[in-house]
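In what follows, a single structure is set out as structure tokens and then discussed.
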Ligand code: BV8
Ligand code: ZN
């Protein structure tokens with residue numbers, strides 16, 4: 001069932017508890033390739049074949065080539081009006097949580113404070129031996145970066161396919177889904193689990209759901225609002241002239 005932007009603006013204006021779930025689509029207009037589009041392929045590897053613990057165990061240099069490629073690419077881009085609109089929204093809403101599947105760090109860079117990076121962050125590296133976490137913005141971490149503390153091999157601190165999400169972060173995301181009046185689902189193909197199930201948790205708890213995407217997704221039929229278009233265009237319209 002689709003309603004229009006003005007109707008959704010009114011609901012946003014009277015909602016005290018809003019949760020937003022974003023995916024790669026919100027960073028597309030910044031120039032970050034999505035996983036579904038051509039971005040899903042890197043040097044004819046499927047991302048789902050490279051972003052796995054098995055791939056890292058088998059060929060850590062290849063996996064680091066992939067992440068260095070993404071570091072180089074993402075270090076050249078910045079947040080877009082879609083990210084900025086969510087910073088604006090956070091200022092107005094008492095109980096706001098931004099859940100992102102993205103590891104590019106652009107929500108943090110745009111200025112959001114209450115965010116959950118459920119798949120981790122590309123700019124943080126973790127030692128596979130001692131577990132030390134380090135924020136490192138290098139465009140190229142080198143072929144096989146080593147821990148300065150113990151010499152162990154470093155890995156990106158992201159959640160790979162087949163790996164569990166951090167239970168604390170996932171728990172907070174589930175709470176934010178269950179306790180909101182409205183969930184905006186922005187720029188995600190709703191394929192990856194358990195992220196995609198958060199929309200249903202919100203709906204089951206009585207929230208209204210609004211999908212913002214350039215195309216329909218497998219979840220469109222469950223939405224109260226389906227706004228078809230670019231996140232960088234629709235989100236600013238939803239928050240401009242915000243008034244309670
Ligand atoms: C887990 C970090 C299990 C890495 C990511 C079968 C086999 C094996 C596993 C599974 C399986 N079936 C299900 C699974 C589980 C698996 C999964 O869901 N697989 C998928 C592929 C089916 N999930 C996992 O493995 C998760 N872990 O389940 O653990 C477990 C359980 C118990 C005990 C042990 C283990 C972990 C999933 C996390 C994977 N890591 N990222 C990295 O990024 O380097 S996920 C990766 O995909 C990114 O984070 C990305 O964000 C995410 C999802 O993609 P989207 O964000 O939706 O992006 P996508 O490109 O798909 O879509 C973009 C959308 O934007 C499109 O709809 C497009 O139309 C739209 N769009 C484009 N431009 C715009 C736009 N919208 C608006 N405006 C625009 N301008
Ligand atoms: Zn170490």
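The values are calculated or read from the model by the stated rules, or taken from the named source; none is laboratory data. Worth saying up front: this structure is predicted, and the values here are computed from it rather than measured. Using ideal geometry, Cβ is built from the backbone for each residue, glycine included, and neighbour counts are taken over all protein chains shown.
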For the stretch 137-156: of the residues being away from ligand 2 (no atom under 13 Å from the Cβ) and surrounded by fewer than 15 Cβ atoms within 10 Å (Cβ to Cβ), which is farthest from residue 60 (Cα to Cα)? 137
Quick one: is residue 94 in contact (Cβ under 8 Å) with a residue 12 or more places away in the chain and either surrounded by fewer than 15 Cβ atoms within 10 Å (Cβ to Cβ) or closer than 26 Å to residue 196 by Cα (or both)? yes
Counted residues in the stretch 112-121 being assigned to a loop (DSSP other than H, G, I, E, B), free of Cβ contacts under 8 Å to residues at least 60 places away in the same chain and buried (at least 19 other Cβ atoms within 10 Å of the Cβ) come to 1
So, in the stretch 144-164, how many residues would count as being within 11 Å of ligand 1 (Cβ to nearest atom) and free of Cβ contacts under 8 Å to residues at least 40 places away in the same chain? 2
State whether one or more residues within the stretch 167-181 are farther than 25 Å from residue 87 by Cβ, in contact (Cβ under 8 Å) with a residue 12 or more places away in the chain and more than 16 Å from ligand 2 (Cβ to nearest atom). no
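Okay, residues lined up against (1) over 25 Å from residue 160 (Cβ atoms); (2) surrounded by fewer than 16 Cβ atoms within 10 Å (Cβ to Cβ):
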site: 20; (1), (2): no, no
site: 44; (1), (2): no, yes
site: 60; (1), (2): no, no
site: 82; (1), (2): yes, no
site: 100; (1), (2): no, no
site: 123; (1), (2): no, no
Flag if residue 151 is out of contact with any strand residue (DSSP E or B) (no Cβ under 6 Å at 6 or more places or on another chain), at pLDDT 95 or above and under 12 Å from residue 194 (Cα atoms): no
Would you mind telling me which numbered condition in (1) more than 21 Å from residue 160 (Cα to Cα); (2) away from ligand 1 (no atom under 15 Å from the Cβ); (3) buried (at least 18 other Cβ atoms within 10 Å of the Cβ) residue 127 fails? (1)
Would you confirm, using the coordinates I've provided, whether residue 21 is assigned by TED's automatic domain parsing to the domain that holds residue 207, closer than 24 Å to residue 197 by Cβ, touching a strand residue (DSSP E or B) at 6+ places or on another chain (Cβ under 8 Å) and within 11 Å of ligand 1 (Cβ to nearest atom)? yes
Do any residues in the stretch 182-202 that are without any contact (Cβ under 8 Å) to a residue 24 or more places away in the chain have Cβ atoms under 8 Å from those of residues that are within 11 Å of ligand 1 (Cβ to nearest atom), where the two are at least six apart or on different chains, and which pairs are they? 196/188; 196/190; 196/219
Unmet criterion (only one of (1) farther than 26 Å from residue 166 by Cα; (2) within 15 Å of ligand 1 (Cβ to nearest atom)) for residue 36: (1)
